[in-house]
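The values are calculated or read from the model by the stated rules, or taken from the named source; none is laboratory data. Just so you know, these numbers come straight off a predicted model, no measurement behind them. Please note: Cβ atoms are built from the backbone with ideal geometry, for glycine as well, and neighbour counts cover all protein chains shown. Accessible surface areas use protein heavy atoms only, side chains included; no ligands, DNA or RNA. Shrake-Rupley method; radii C 1.70, N 1.55, O 1.52, S 1.80 Å.
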Amino acid sequence: MKPLLDLDDLERRVSAGERSALARAITLVESRRADHQALARALLQRLMPRTGGALRLGITGVPGAGKSTTIEAFGCNLTALGHQVAVLAVDPSSTRHGGSILGDKTRMERLASDPAAFIRPSPSGGELGGVARKTREAILLCEAAGFDIVIVETVGVGQSETVVSDMVDLFMAILIPGGGDELQGIKKGLIEIADLILINKADTDPARAERSAREYRNALHILSPAHPDWTPPVLTASGLNNQGLDQLWSQIRRHREVMTANGALEARRADQNTRWMWAMVRDRLETSFRTDPAVAALAPALERSVRQGQTPASAAADQLLAAFGLR
């Protein structure tokens, strides 16, 4: 019989910053097996005293904005300054067969080979906001392993980016230079939740990039800021040429200083933890519901009936809930 995972050994190795152990721990928390989930919860409980000290950054952007290129250059700058950087890059899972390209390590070869960095590509699994189901736990594991900066790269604009903004300290949108038409094409919701906007690829047309930055600054003045002490800055940069990323780091540090001084960072994390708790409750309840024998036996026929328009969705839901023992 295969021996159970040695939690003592895994805890020790993750705490020592071993990359292979960290990767194994993240695989454990991502597993949907009930026994693995129980082990993952036990491991996280042990490691909790070592978590919470990292700067958590969320990064999203329009397709082709150069997120991976910018993150690689920025990450290498940070490791050169003595930081330990973890990148949790969430890849889009196929809606047809559930597969995922997982190509972020290929796109960030230089950072992937940096001994002070760790890159973990994970399939989103169709999760809302393009965030892997267990990204929150992965952040904690990276912190326990000694990483003081954790970057979460999302799939990109087009899904509910509020999901990733609800698990990080600063949420940044990377956009490309464009005029008014492009500005209108960006969701208002993304601008409302962004703590910082970076206009990338400014090297291709500096004047156009600065014009776009001005337009976004004007748009931000119309919106009410998420916090009275912080107006999201709009910066221009070139991730490809590593230009403007020092100003980016300066603004990120300024945000942390301001939000720490006024207590907003502590409050933000407290709110995030509470919402995370209820999200886990919903996740566990849905799993229990779907795997219930009575529900599983009834669901296929009801799904066919609903798809064919023979049974209203509300009536089918009532039957499934009744089978589960709920009214």
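Restricting the calculation to Cα atoms, every distinct pair contributes to the Kirkwood radius of the range 10-58, found to be 11.5 Å.
Near residue 78, within a Cβ-to-Cβ distance under 12 Å, what is the net charge of the other residues, with Lys and Arg +1 and Asp and Glu -1?
Result for the local shell: -3.
In the chain, Rg over Rh equals 1.01, where Rg is the alpha-carbon radius of gyration and Rh the Kirkwood radius from pairwise Cα distances.
Between residue 253 and residue 301, the contour length at 0.36 nm per residue exceeds the alpha carbon distance by 11.7 nm. A protection proxy built from the mean count of other Cβ atoms within 10 Å ranks the segments 83-90, 307-314, 198-205, 16-23, most packed first, as 83-90, 198-205, 16-23, 307-314. Think of a 1.4 Å ball rolled over the protein heavy atoms: the chain then has 51 Å² of accessible area per residue.
Ordering 192, 257, 11 by accessible surface, largest first, gives 257, 192, 11; the 1.4 Å probe counts only protein heavy atoms, with every chain in place.
What accessible area, in Å² to the nearest ten, does a 1.4 Å probe give for residue 36? Accessible area of residue 36: about 50 Å². Could you give the angle, 0 to 90 degrees to the nearest 10, between helix 313-324's Cα long axis and the longest principal axis of the Cα atoms of the chain? Helix 313-324 sits at roughly 60 degrees to that axis. In whole percents, the pair-distance distribution calculated for the range 238-327 from its alpha-carbon pairs, binned every 10 Å from zero, is 14, 22, 17, 14, 14, 18, 0. Given +1 at the Cβ of Lys and Arg, -1 at the Cβ of Asp and Glu and no other charges, the dipole of the range 208-286 around its Cα centre is 100 debye to the nearest 20.
Note on the chain: dipole from Cβ charges, positive end direction compared against 113, 302, 232; the farthest Cα belongs to 302.
Using DSSP, restrict attention to beta bridges with both residues in the chain and report what percent are antiparallel, rounded to the nearest 5. Taking every DSSP beta bridge with both residues in the chain, the antiparallel ones total about 10 percent.
Which FRET efficiency value, to the nearest 0.05, is calculated for residue 192 and residue 241 with the Förster distance at 22 angstrom and r the Cβ-Cβ distance? Please list the in-between numbers first.
Working: r = 30 Å, r/R0 = 1.38.
Efficiency, rounded to the nearest 0.05: 0.15.
Specify the residue with the greatest mean-square fluctuation among 177, 115, 233, computed from a Gaussian network of the chain linking alpha-carbon atoms under 10 Å apart. Of 177, 115, 233, the most mobile in the Gaussian network model is 115. Working note: 222 nm ellipticity from helices only, DSSP H runs with n ≥ 4, each -39,500 (n - 2.57), summed and divided by the residues of the chain, gives -16000 deg cm²/dmol to the nearest 500. For the chain, modelled as a GNM whose springs connect Cα atoms under 10 angstrom apart, the maximal fluctuation among 302, 235, 43 occurs at 302.
The C-alpha atoms of the chain define a longest principal axis, and helix 34-47 lies at about 40 degrees to it. For the chain, a simple Cβ point-charge model (Lys and Arg +1, Asp and Glu -1, everything else neutral) yields a dipole of about 580 debye relative to the Cα centre. Packing order of peptides 276-288, 240-252, highest average first: 240-252, 276-288 (average count of other Cβ atoms within 10 Å over each peptide's residues).
Surface composition of the chain: carbon and sulfur make up 54 percent of the accessible area, probe 1.4 Å.
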